[in-house]
1. Is it the case that THR85 is in contact with a Ser or Thr (Cβ under 9 Å, 6 or more places away or on another chain), crowded, with 17+ Cβ neighbours inside 10 Å and in the same structural domain as ALA50 (by TED's automatic domain parsing)?
2. Quick check on this structure: which one of ALA106, ALA112 is at pLDDT below 90, within 23 Å of the chain's Cα centre (by Cα) and either surrounded by 15 or more Cβ atoms within 10 Å (Cβ to Cβ) or basic (Lys, Arg) (or both)?
3. Looking only at the stretch 153-169, decide whether some residue is of a type in the set (Gly, Ala, Ser) and surrounded by 13 or more Cβ atoms within 10 Å (Cβ to Cβ).
4. Would you point out the residue of the stretch 59-76, among those that are at pLDDT below 95 and assigned to a loop (DSSP other than H, G, I, E, B), that is surrounded by the fewest Cβ atoms within 10 Å (Cβ to Cβ)?
5. Quick one: count up the residues across the stretch 80-94 that are assigned to a strand (DSSP E or B) and over 15 Å from the mean Cα position of the chain (by Cα).
Amino acid sequence: MMSIRTIFLCLAAACVSFGCSSSLTPTSPSTPTTPTTPTTFGLTGQVVQAGTTTGIASAALLLVDTSGNAMTTASDATGAFAFGTTLASGTYTLQTTAPGYRPSVAIISIPATTLLVQLPLLGTLPVTTLGVNITAPATMTIGQTAQLTASVVYTDGTQKDVTSVAKWSSTSPSVAAVSISGVLTAFSAGTTAVSASFQDVTGSSSVTVVSR
C-alpha cells in the first residue's frame, strides 16, 4: 500500500506535467447605470386681438400632440398663458378660443419661442393677400446688377417681405434677367417687365436698360 507521502508526490508530478491552472477569472464590479431623464420644455405666449397689442383675458387654449394627448390652459388678465414644463419635443396642434373672437388653430413645433396668438373679432373679414409690391430701379445700364425686393400686401394694410420666396421672372431675359433670389442683371438695351408671384397674387415693375 502506497504511503500518503508517495501519493502526494505523484499528484505534484502530475500537476507539473499537465499544467495546473485555475478556471476562475477575477471580474471587476459593474458600474451602476444612471437612468437618463427625457428632456422636456415649456410653452408660453400671449393671446391678443388681431392687429393690436391688446391682450385677451380668459381665452381657452388646447394643446394636442400627435398621439392625441391633450393639455389645456387659459390666458390671464393680460392675455398671457403657459403650458408647464413637461412638453416633449415634437409637433402639436394649438387651438385657441375666446368669446367674441374667431377661433384659431395653429401647428407648432416644440421647443418653440414665445408665441403670439392673434384672434380676429367676430364679424370682421378674414385677412387675405391683396397684391405684391416690387421695389426695382426704373433704369439700369448694361452690365449693372440690382437686388430687387418684393412685399405682399394684405387686406388689413399690413405687409410682409417675400423676396426670398417669391417666384421671379422677366418678360425679356435678353434685356435683363432675374435670379430666383431677385437679383436683376442688365444685358442689353431695351425694356423688360420684372414680375414677382407669391401664392395667388403677382406684382410687376418695368425696367429700362440703357447703354453706358
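The values are calculated or read from the model by the stated rules, or taken from the named source; none is laboratory data. Note that the coordinates shown come from a computational prediction; the quantities given were computed from them, not determined experimentally. Cβ: placed from backbone, ideal geometry, glycine included. Neighbour counts: every protein chain shown.
1. no
2. Within the list ALA106, ALA112, the selection yields ALA112.
3. Just the residues of the stretch 153-169 that are of a type in the set (Gly, Ala, Ser), to begin with: 157, 164, 166, 169.
Remaining after also requiring surrounded by 13 or more Cβ atoms within 10 Å (Cβ to Cβ): 166, 169.
The answer is yes, given that some residue of the stretch 153-169 is of a type in the set (Gly, Ala, Ser) and surrounded by 13 or more Cβ atoms within 10 Å (Cβ to Cβ).
4. GLY68
5. Count: 5.
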